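The values are calculated or read from the model by the stated rules, or taken from the named source; none is laboratory data. Note that the coordinates shown come from a computational prediction; the quantities given were computed from them, not determined experimentally. Positions of Cβ are backbone-derived with ideal geometry, glycine not excepted, and every protein chain shown enters the neighbour counts. Note: areas computed on protein heavy atoms with side chains; ligands, DNA, RNA excluded. Shrake-Rupley method; radii C 1.70, N 1.55, O 1.52, S 1.80 Å.
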Amino acid sequence: MHPEQRAALHAAQQHGVISRREALTMGMSPHQIDRRVRAGRWERLRPGIYRITGVPRTDRGDLLGAVLAVGGTASHRSAAWLAGLIDGPPDVHEITAHRGASARRRRLRVHRTDDLASSDRCTVDGIAATNATRTCVDLGAVLTRAELEQAVHRALHLRLTHVDRLIRRFLQLTRPGRTGCSTTRAVLVRLDPALAPAESDLETLLLKVLHEHGLPEPARQHRVTVDGRTFRIDLAYPALRLAIESDGFAFHGDRSAFESDRERQNLLVLAGWTVLRFTWRQICSQPAWVAEQVRRAIARAAP
């Protein structure tokens, strides 16, 4: 097949849109591309993005052109529209791209991030987009609470995600300063009130891991006094003197805080407590292993 025919067939499969890079990959020369534009056979939508003349211009085609222009992924309200979580496309399409990527922002909103995993992506009508779970988490930054709640319920009704999956991904992504976390959390708390009492997101996720693996419910924020000093343990089985601590995404204390934390742990051990510590990565990526460690500690401490 001639390169121009291949390019035309490729564009026909993606809403009549093709990028300059794609056309070059299919064997077309820069001169052939420019000649088609000058002849009016290709219409330029954005720099380096074209629509085959005669193919009706659509919102999906415009969104695909934006995705190709940025080299990113349709997200937020654009992804929600593709998935049927909101009724119409946004006035300005929203794309998520890596922080290092460059993009022209004309008639386009680009969200920069370093935490868009391959598991967060899907393809809808030939357009790379965030999946429903990631989209619902991201929407907290751009929708009101009522709008987000409606979108989340649509995602659940369409079986595009699940409450546990939503909560787990939210807990993996939330961090201080991330826009929209409070809105998303408020909606998720209405779906699962167990999120409300915990003082930290990581503690909540650890609780879910223990529950999902059939382990007994631990005490939360348990107070214990050792050598005249009172500490609070994230999760504890007081009768077994078993303490379970979760370490956050990053260490935000100074050197004295670090040393105080280690002194606290040593005092607990000397007082007969077994202390298990798990990082956020272990809790999120190895939940079965975390549960097994707790199970073994319970078995060893039980009379």
Quiz item: What are the residue pairs meeting all of these: first residue in the stretch 174-194, first residue without any contact (Cβ under 8 Å) to a residue 24 or more places away in the chain, second residue among the hydrophobic types (A, V, I, L, M, F, W, C) and open to solvent by 50 Å² or more (accessible area, probe 1.4 Å), Cβ atoms under 8 Å, and 6 or more apart or on different chains?
Solution: Val189/Ala196
Exercise. Would you point out the residue of the stretch 1-52, among those that are within 26 Å of Arg107 (Cα to Cα) and of a type in the set (Lys, Arg), that is modelled with the lowest pLDDT?
Key: Arg46
Exercise. Mind listing whichever residues of the stretch 208-224 are open to solvent by less than 20 Å² (accessible area, probe 1.4 Å) and in a helix (DSSP H, G or I)?
Key: Val209, Leu210
Quiz item: In this structure, does Glu4 turn out to be closer than 16 Å to Ala128 by Cβ and surrounded by 14 or more Cβ atoms within 10 Å (Cβ to Cβ)?
Solution: no
Quiz item: Looking only at helices (runs of 4 or more DSSP H) that fall completely inside the stretch 86-190, which ones have 1 or more residues that are open to solvent by 90 Å² or more (accessible area, probe 1.4 Å) and more than 12 Å from Ala74 (Cα to Cα)?
Solution: 145-157, 163-173
Practice problem: Could you list, in sequence order, all residues of the stretch 246-292 that are modelled with pLDDT of 90 or more, exposed (fewer than 15 other Cβ atoms within 10 Å of the Cβ), not in a helix (DSSP H, G or I) and not small (Gly, Ala, Ser)? | Solution: Arg277
Quiz item: How do the strands (runs of 3 or more DSSP E) wholly within the stretch 8-65 filter down when requiring 1 or more residues that are free of Cβ contacts under 8 Å to residues at least 12 places away in the same chain, more than 34 Å from the chain's Cα centre (by Cα) and surrounded by 13 or more Cβ atoms within 10 Å (Cβ to Cβ): which remain?
Solution: 42-46
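Taking the stated definitions as given, is Leu173 hydrophobic (A, V, I, L, M, F, W, C) and either modelled with pLDDT under 90 or farther than 28 Å from Pro89 by Cα (or both)?
Yes.
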